Amino acid sequence: MSSPKYKRVVLKLSGEALAGDEGFGIKPSVIKSIATQVKEIAELGVEVAVVVGGGNIWRGKIGSEMGMDRATADYMGMLATVMNSLALQDSLEHLGIESRVQTSIEMRQVAEPYIRRRAMRHLEKKRVVIFAAGTGNPYFSTDTTAALRAAEIDADVILMAKNNVDGVYSADPRLDASATKYEDLSFLDVIKEGLAVMDSTASSLCMDNDIPLMVFSITEQGNIKKAVMGEKIGTIVRGKN
């Protein structure tokens, strides 16, 4: 059996991915499916860190559009990511996979504070580490969190699992039938063309640290394993051409 291409990965999940087709909250069958796929790669010896968004519960941008203070709205979004992270941890541990949730905002009764060296030690011991509460700062997305944590823990790749598309397209394929799918891109292309992959801060972090990004669909069972094995799925975005 061939060995995984990537030894240490950051899996980026949107909050919406946990909601499935319901659009809000956490769908038990979906989170179990994701946990099963994470178990599959963990059992191959891959060191797995996860960053989960909170858009299935709260989006800071919506709060600011309501007239709420932007920083307050973003902190609420960070708390939503903690709820999602605890749900994923519970699902993983029901499958026998040891995991730890680390938060950028301290809440010691429910999770560990984020400490880089401790996170890396957990990974070396083959525990899945779930990074919650974003960067701990307003105005930064969970995409930026994924890029930052990937750089900090020296991850080989960021796996961006999407629930509504299977890669990066020239336009939204749900709205534009003529949209074309890219197989290979550079982060410079993403920034220059304004492609909706990740925000510019996250793209710049990945580009500056030469961290590749793989964008693929989470809805097809087994795709996470295919990604870590180096199979051609979705779109690969590289720091350098």
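For the range 20-37, taking the residues that are among the aliphatic types (A, V, I, L, M) and within 15 Å of Glu220 (Cβ to Cβ), the one that is surrounded by the most Cβ atoms within 10 Å (Cβ to Cβ) is identified as Ile34. Of all the listed residues (Ala151, Ala147), the sole one being among the hydrophobic types (A, V, I, L, M, F, W, C), touching a Leu at 6+ places or on another chain (Cβ under 7 Å) and surrounded by fewer than 20 Cβ atoms within 10 Å (Cβ to Cβ) is Ala151.
Based on what the data block shows, is Ile158 part of a loop (DSSP other than H, G, I, E, B) and either crowded, with 20+ Cβ neighbours inside 10 Å or among the basic types (Lys, Arg) (or both)? It is false that Ile158 is part of a loop (DSSP other than H, G, I, E, B) and either crowded, with 20+ Cβ neighbours inside 10 Å or among the basic types (Lys, Arg) (or both). Pairs meeting the criteria (first residue in the range 221-241 and over 16 Å from Asp156 (Cα atoms) and touching a residue at least 60 places away in the same chain (Cβ under 8 Å), second residue among the β-branched types (Val, Ile, Thr) and assigned to a helix (DSSP H, G or I), beta carbons under 9 Å, at least 6 apart or on different chains) are Gln221/Thr36.
The single residue among Glu93, Glu106 that is farther than 26 Å from Asn223 by Cβ, touching a strand residue (DSSP E or B) at 6+ places or on another chain (Cβ under 9 Å) and surrounded by fewer than 17 Cβ atoms within 10 Å (Cβ to Cβ) turns out to be Glu106. Of all residues in the range 39-66, those satisfying the criterion of being free of Cβ contacts under 8 Å to residues at least 24 places away in the same chain and either of a type in the set (Asp, Glu) or in contact with a Leu (Cβ under 6 Å, 6 or more places away or on another chain) (or both) are Glu43, Glu65. Is it the case that the range 117-127 has a residue that's buried (at least 18 other Cβ atoms within 10 Å of the Cβ), under 30 Å from Asp21 (Cβ atoms) and without any contact (Cβ under 8 Å) to a residue 60 or more places away in the chain? No, every residue in the range 117-127 fails to be buried (at least 18 other Cβ atoms within 10 Å of the Cβ), under 30 Å from Asp21 (Cβ atoms) and without any contact (Cβ under 8 Å) to a residue 60 or more places away in the chain. Could you grab me the full set of residues in the range 111-129 that are of a type in the set (A, V, I, L, M, F, W, C) and under 18 Å from Ala151 (Cβ atoms)? Matches in the range 111-129: Ile115, Ala119, Met120, Leu123, Val129.
Taking Thr103 as the residue in question, decide whether it is under 19 Å from Lys12 (Cβ atoms), touching a Leu at 6+ places or on another chain (Cβ under 8 Å), modelled with pLDDT of 95 or more and of a type in the set (Ser, Thr, Tyr). Judged against the criteria, Thr103 is not a match.
Of the residues making up the range 57-98, those that are of a type in the set (Gly, Ala, Ser) and under 16 Å from the mean Cα position of the chain (by Cα) are Gly77, Ala80, Ser85, Ala87. Inspect all residues belonging to the range 193-203 and state whether any of them is hydroxyl-bearing (Ser, Thr, Tyr), buried (at least 17 other Cβ atoms within 10 Å of the Cβ) and at pLDDT 90 or above. Looking through the range 193-203, at least one residue is hydroxyl-bearing (Ser, Thr, Tyr), buried (at least 17 other Cβ atoms within 10 Å of the Cβ) and at pLDDT 90 or above. Does Thr135 satisfy the condition of being touching a helix residue (DSSP H, G or I) at 6+ places or on another chain (Cβ under 6 Å), in a loop (DSSP other than H, G, I, E, B) and either surrounded by fewer than 24 Cβ atoms within 10 Å (Cβ to Cβ) or on the phi < 0 side of the Ramachandran plot (or both)? So Thr135 fits the description; yes.
From the list Met76, Met120, the one residue that fits, being farther than 19 Å from Ile34 by Cβ and out of contact with any Phe, Trp or Tyr (no Cβ under 7 Å at 6 or more places or on another chain), is Met120. For the range 140-155, filtered to residues that are part of a helix (DSSP H, G or I) and acidic (Asp, Glu), the residue that is farthest from Asp210 (Cα to Cα) is Asp143.
The values are calculated or read from the model by the stated rules, or taken from the named source; none is laboratory data. All figures in this text were calculated on a predicted structure; none of them were measured in a lab. Cβ atoms come from the backbone with ideal geometry, glycine included; neighbour counts cover every protein chain shown.
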